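In what follows, a single structure is set out as structure tokens and then discussed.
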Amino acid sequence: MEHQTTGKGLPENAYRKLKDGEVYEPVVPDDAPLPEATGYSVLWGLFYAVIFSAAAAYLGLKIGQVFEAAIPIAILAVGLSALMKRKNALQENVIIQSIGASSGVIVAGAIFTIPGLYILGIEASFLQVFLSSLFGGFLGILFLIPFRRYFVKDMHGEFPFPEATATTEVLVAGEAGGNQAKILIKALAVGGVYDFLVSGFGLWKEVVSSSVFGWGKQLIEATRLEFRMNVGAAVMGLGYIVGLKYALIIASGSFLAWWVILPAVYYIGQFNPAPILNAAKPIAAMSPTEIFSTYIRHIGIGGIAAAGLIGIIKSWRIIAGAFKLAVQEITGKSHSHENENKQQRTQTDIKMKWVATLIVSSLLGIFVFFLLLVVKGNFAHALAGLLIVTVIAFLFTTVAARAIAIVGTNPVSGMTLMTLIISSVILVSIGLKGNDGMLAALIIGGVVCTALSMAGGFITDLKIGYWLGTTPRTQERWKFLGTLLAAASVGAVIFMLHQTYGFGAEAGPNALEAPQASAMAAVLKPLMTGQPAPWLMYLAGVILAVILDRIGIPPLAFALGMYLPIHLNTPILFGGIVAHFVQKSTQDEKLASARKEKGTLIASGFIAGGAIMGVIAAALVYIGQIATGNTHWNLMVGLGTQHWAESTGAEALGFLMFVLLLGYMYWDSKRVKLG
């Protein structure tokens, strides 16, 4: 079957489900490979892994947001290959992106947990940080490989893969040139400038709220019911790619959490003047955001965990198949599969016997690491830590991959929090508590968090490779080296920032907030000292996930909506609505498809522009802080716009600018001519 393509663009059936008998043919055919892992691509990939690890670690520890490195690295790779006039550089750019993108996922795994040790007054060595990130990254790669074929090939067209879509569009547009590249560059400029003006310069407020209106303020004061929305171009672009179906499910979870459960909790809390569940203050004195973070979010965490277990139960055949394949390859009985792999370069993974060998080697390394550097030679404690890491990392690998495939957001901090709770209960029961117990639990959490972060990030790389025709085995092999350098970079940066600034509110006025790690430390300390955890909230999330699954609503997407703040979910919904209206703007199927594809390219540009401007903004803030000696300095302080950015006028302007952005997205997506 022939597929419609534009230049060297993606085939027409890249993003949709395949019809009976239809086969997806990647951009680079199976029998005509281009250069992939060359000296050029490997060296540049490693360079980006180091640079972006440092930048992402600093930004994440300061404001709690880890920017996705895949898109900025793809843009830099495309630009560099064009500047150097490299011919047929598409697959080299895929490898650069895949190796370099190790940075963001390793950073997320480390900064969500390890700084919690310093916040709790426990000194962690560079070697502890480095090895927890390294072994976690290796496990994430190895546990994902058996499921690669299922997620990227068997489920073709089932999941939107928003980040993979955006990155692929960048790589293809850069290689194809012409009209596609122009559309992407223009959207990148519009999205990048828009996001930089709001988040960097503060010309209008980035997160708008119904509190800007008189009636909204009264509603918040009376019931704690609040509408909040991030007006950034990148988040809205993400919603366009996710599509209306999943955007609605995610937003519904958010609306239930913020507009039904949260006001109900506030109402009940007014009858109890004392703090509940180790909270810092009574519910009646809390803002909507505080009630959400202290109570409601735990329902989302329980829902995510339950959705993950439901997914594991439903996928038992896939998991069993992965084990069967591994056993067949290890025992040499998988001749038919090997023959298929020889015929299909684009479906060739590292052989399962090597995957199994590397998994065993990594687990032995983790055991020795725990025994010598974490639990002070206690064999039973080291074995317990190893079992926790192995079981949770393996089971939740598919959850992380599925979450990234659906919404582009990995709920890794929620799953890590669940890991910390489970670890604490087990460790306390075998006699490991106090500072030693907190050290062990956070190191275990760090390994698991990095493994799940890597699994989610790597499925993006492999999906990009599937669309473009990269050899999976090449991506898998070189990902290990990228992980090694990223782990070393992150360990050095965390150690340096601890020595320079410190982490957490109690470390001084110049300390970095490290919000996720602070939350992990706050949850862990009472568990290790015998105080109660919010089990009732977790149970509510579990029950909700089971009900949703029974009535046919994807529980993971819904639970993600309950877990993520509402201001991140509302723009995703608006992006999905724009995608729906673009798709329905004409009865002509070809024209509708062309408009939707152009919108996808524009949305990818918005995401890419926002991501790369995030890197630039972080660099400018870092330089400004060094130059002024003020760790609270940012671009708004430098321009004197910080007071305006928090004003009512800036908030009202934020609403207006977002409406204009939605209008622009719809208008530009419709400007398509066929023929």
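No value in this document is a laboratory result; all are computed from the given coordinates. Computed from a prediction, not measured in an experiment: that's the story for all the values here. Positions of Cβ are backbone-derived with ideal geometry, glycine not excepted, and every protein chain shown enters the neighbour counts.
According to the square roots a ≥ b ≥ c of the eigenvalues of the Cα gyration tensor, what is the shape class of the chain, taking rounded for a/c under 1.5, prolate for a/b larger than b/c otherwise, and oblate for the remainder? In terms of gyration-tensor shape, rounded.
The shape of segment 180-288 comes out prolate: with a ≥ b ≥ c from the C-alpha gyration tensor, a/c is at least 1.5 and a/b beats b/c. Applied to segment 189-199, the Karplus parametrisation 6.51 cos²θ - 1.76 cosθ + 1.60 on θ = phi - 60° returns per-residue 3J(HN,Hα) values of 5, 4, x, x, 5, 4, 5, 5, 5, 8, 7 Hz, with x for Gly and Pro.
Overall, the anisotropy analysis places segment 231-306 in the prolate class: the square-rooted eigenvalues a ≥ b ≥ c of its C-alpha gyration tensor yield a/c not less than 1.5, with a/b exceeding b/c.
For segment 100-170 versus segment 222-257, the spacing of their alpha-carbon centroids is 25 Å. Amide H to amide H distances under 5 Å link residue 10 with no residue, where only residues 5 or more positions off or on other chains count and H is placed in the peptide plane. Ranked by how many other Cβ atoms sit within 10 Å of their own Cβ, fewest first, the residues 352, 84, 613 fall in the order 84, 352, 613. Listed by Cβ neighbour count within 10 Å, with the fewest neighbours leading, 125, 518 appear as 125, 518. Applying 1/(1 + (r/R0)^6) with R0 = 30 Å to the Cβ-Cβ distance of residue 16 and residue 225 gives a FRET efficiency near 0.15. Stretching the chain fully between residue 264 and residue 430 yields a gain of 55.9 nm (0.36 nm per residue, less the alpha carbon separation). Could you pull out the pairs from 19/182; 19/351; 17/596; 85/153; 87/153; 351/463 whose alpha carbons sit more than 21 Å apart here? The pairs that break the limit, which is 21 Å between Cα atoms, are 19/182; 19/351; 85/153; 87/153. Kirkwood-type hydrodynamic radius, segment 425-469: 12.6 Å, calculated from all non-identical alpha-carbon pairs. Placing R0 at 35 angstrom, the Cβ-Cβ distance between residue 659 and residue 588 gives a FRET efficiency of 0.80 after rounding to 0.05.
Under the simplified labelling scheme, the residue 391-residue 360 pair shows an inter-label distance of 2.2 nm, with each label point 7 Å from Cα along Cα→Cβ. Based on DSSP H segments of at least four residues, each scored -39500 (n - 2.57), the chain has a per-residue ellipticity at 222 nm of -23000 deg cm²/dmol.
Against the empirical curve 2.2 N^0.38 Å, the C-alpha radius of gyration of segment 49-172 lands at a ratio of 1.23.
Using a simple spin-label model with pseudo-atoms 7 Å out from Cα toward Cβ, residue 38 and residue 536 lie 6.4 nm apart.
Using the Karplus relation 6.51 cos²θ - 1.76 cosθ + 1.60 with θ = phi - 60°, the per-residue 3J(HN,Hα) values for segment 81-95 come to 5, 5, 5, 8, 6, 7, 7, 6, 8, 4, 6, 4, 5, 4, 5 Hz, with x marking Gly and Pro. Amide hydrogen proximity for residue 469: with H placed 1.01 Å from N in the peptide plane, the residues at 5 or more positions away or on another chain lying under 5 Å are 27, 28.
In terms of surrounding Cβ atoms within a 10 Å radius of their Cβ, 570, 113 rank from fewest to most as 570, 113.
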